[in-house]
Amino acid sequence: NAGVTQTPKFQVLKTGQSMTLQCAQDMNHNSMYWYRQDPGMGLRLIYYSASEGTTDKGEVPNGYNVSRLNKREFSLRLESAAPSQTSVYFCASFHLQGGEQYFGPGTRLTVT
Amino acid sequence: AQSVTQLDSHVSVSEGTPVLLRCNYSSSYSPSLFWYVQHPNKGLQLLLKYTSAATLVKGINGFEAEFKKSETSFHLTKPSAHMSDAAEYFCVVSSAGTYKYIFGTGTRLKVLA
């Protein structure tokens, strides 16, 4: 039981390049989330998926797209990376009965 | 609207002394409240949660928190700090029955030998 996994762990991009961050969970949770973490700002929600087949914008969605591929997988895409997207990205899934979210280990992204 | 305020961005304590990390919240509905810990270069781990049961909540590693509705507070405490407690701590609020978390800006705990 791996919980929430994310790939890659680290990535360096040049401005204008694109990439997809992958997230998978094996806990059979319905809801999944993407956050970004910046110093002094806590975690901010980028997009979330309440259930398979649905996605919604969070607090900071500009410059990102998401795909809920199936119940297990939720990917985050940067179409044209910008230095302002340098951050640590966390994926999470939601345990409905307990009410808590479980987080992956994070992807550290640098855009130069 | 919901919000959460962590009153201290940095806290330093000596090993073996008590820890107090302060959190105030604002919520229009019955809130669920959480504390998460993040060790350097790691993901977030749930310490404890309040979901409208007992107001004094016990978590892992000797941490506990008390939900005080009249003060809109959910402060995190531990009687005796250990070096391994050095980390960043996040207070989180969500409305019961919703899926969205609102994070505080975090408190970095430093434990001095």
Practice prompt. Pull up all non-local amide H partners of B:D8: gap of 5 or more, or a different chain, and H-to-H distance under 5 Å with H placed in the peptide plane.
Written response: B:R22
Worksheet item: With θ set to phi - 60° and the Karplus curve 6.51 cos²θ - 1.76 cosθ + 1.60, what are the ³J(HN,Hα) couplings of the stretch B:64-76 in order, to the nearest whole Hz, using x for Gly and Pro?
Response: 8, 8, 10, 7, 10, 5, 5, 9, 6, 10, 8, 7, 9
Response to the item:
With the 8 Å Cα cutoff and a minimum separation of six or more residues, the stretch B:12-113 has a relative contact order in percent of 36
Worksheet item: Over the stretch A:1-111, what is the relative contact order in whole percent, taking alpha-carbon pairs under 8 Å and six or more residues apart?
Response: 35
Worksheet entry | Volume per residue of the C-alpha convex hull in the protein assembly as shown, rounded to whole Å³ | 122
Fill in: Under Karplus coefficients 6.51, -1.76 and 1.60, residue-wise ³J(HN,Hα) of the stretch B:24-33 in Hz, glycine/proline x
10, 10, 9, 8, 7, 10, 4, x, 9, 10
Worksheet entry | Kirkwood hydrodynamic radius of chain A, from inverse mean 1/r over distinct Cα pairs, in Å | 13.9
Fill in: Once the Cα gyration tensor of the stretch A:52-112 is diagonalised, semi-axes √(5λ) in Å
23, 14, 10
Worksheet item: What is the diffusion coefficient of chain B in µm²/s, taking the Kirkwood radius over Cα pairs and the Stokes-Einstein relation at 25 °C with a viscosity of 0.890 mPa s?
Response: 175
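We did not get these values from a lab; they are worked out from the coordinates using the rules stated. Given the structure is predicted, the values throughout are model-derived calculations rather than measurements.
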